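Right, one structure below, let's go through it.
The values are calculated or read from the model by the stated rules, or taken from the named source; none is laboratory data. These numbers were taken from a predicted model, which means no experiment stands behind them. Methodologically, a virtual Cβ is constructed for each residue, glycine included, from the backbone with ideal geometry; neighbour enumeration extends over all protein chains shown.
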C-alpha cells in the first residue's frame, strides 16, 4: 500500500451564509488546503471572495478519518446532496471525487512529489512575503496591539519554554542569523547610527554613571589592557600620533596657547612646586656643568 493510501481523508465545507453559497472539498491536510484556498488566486473560493468583496470563511470539517476511497465517495455525495436537496448555490464546478496527482504513487515517488510540492510552497511564501512585506508588518503590529495582554500572559506562562526554543534555534542557525544580521545592518546603517546616537543622548547620565562604576571596579584590569595594547602597537601608535600632529599643527598650537592663557596661575604654581621638589638635583646639575 502506498503512503497516499494510508492517509486519512476529510470532507470540509466553506459557507457564505448571507449569500447562501457553499463549497465542498476533500483533503488529507486541512491546514495546508485552507491556506491554499485563502491565498492562491486560481482557487475557486479565492476568486469568489475577491469578486464579491467578502472575507474568506473558516473551514468546517463535516467528516473525518476516512480512507481515500471513502473520501472520494463522500465528497460526491455531499456535492450532490447540497445541489439537489438544499437552496444553497454550490460553487463546485465538478461533481467531486477527482483523484489528485499523488494517488497510486509508490512510497518513493510520493515522498519525492511531496518534497517538490513543499519547495514550491516555500518559494511562493517567500515571494508573497517580499511582495506584501508592509501589509504583513502592519497586520502583525495591529494584532500585537489588540492582543497585548494575551501575548504577555502567554510569554510569562511559557518563559522557560520560549527561552529554550530561542537558545536551540540560535545554536542551530548561527550562520543564518549572522548572515541576516549583517545584511540588515548594511541595509539600515544610517538608521541604526541615528538610533544609537539618539539613545545615547537620552541616556547620557545613566551611561556616564555606569561607565564610572565599571572603570572603578575594573581599574587594574583596564590599566593592564591599555599597557599591553600600547606595548603591542607601539610603532603604530607613534606613527598615528605623528600624522595627527602633522595634520593638526595649527589647531594644537591654538589649543595649547588657549590652555596656557586660561591656566596661567595653575601652570605657574605647578612649575614652582616642581622646582621646589627637584631643587637639589637642579642645583647639583648646574654645578656639574
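Let's see how each residue does on (1) farther than 20 Å from residue 32 by Cα; (2) surrounded by 10 or more Cβ atoms within 10 Å (Cβ to Cβ); (3) in the same structural domain as residue 32 (by TED's automatic domain parsing); (4) at pLDDT 90 or above:
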position	(1), (2), (3), (4)
130	yes, no, no, no
133	yes, yes, no, no
137	yes, yes, no, no
142	yes, yes, no, yes
153	yes, yes, no, yes
156	yes, no, no, yes
159	yes, yes, no, yes
164	yes, yes, no, yes
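Quick one: residue 65 ticks every box in (1) modelled with pLDDT of 90 or more; (2) under 36 Å from the mean Cα position of the chain (by Cα) bar one, so which box is it? Only one criterion is unmet by residue 65, namely (2).
Does any residue of the stretch 175-186 turn out to be loosely packed, with under 10 Cβ neighbours inside 10 Å, within 34 Å of the chain's Cα centre (by Cα) and at pLDDT 90 or above?
Yes, the stretch 175-186 contains at least one residue that is loosely packed, with under 10 Cβ neighbours inside 10 Å, within 34 Å of the chain's Cα centre (by Cα) and at pLDDT 90 or above.
Considering (1) within 30 Å of residue 128 (Cβ to Cβ); (2) at pLDDT below 90; (3) surrounded by 13 or more Cβ atoms within 10 Å (Cβ to Cβ), the lone condition that residue 97 does not fulfil carries the number (1). Has the stretch 196-211 got at least one residue that is surrounded by 10 or more Cβ atoms within 10 Å (Cβ to Cβ), at pLDDT 90 or above and more than 29 Å from residue 185 (Cβ to Cβ)? No, the conditions are met nowhere in the stretch 196-211. For the stretch 71-90, filtered to residues that are surrounded by 15 or more Cβ atoms within 10 Å (Cβ to Cβ) and over 17 Å from residue 61 (Cα atoms), the residue that is farthest from the chain's Cα centre (by Cα) is 83.
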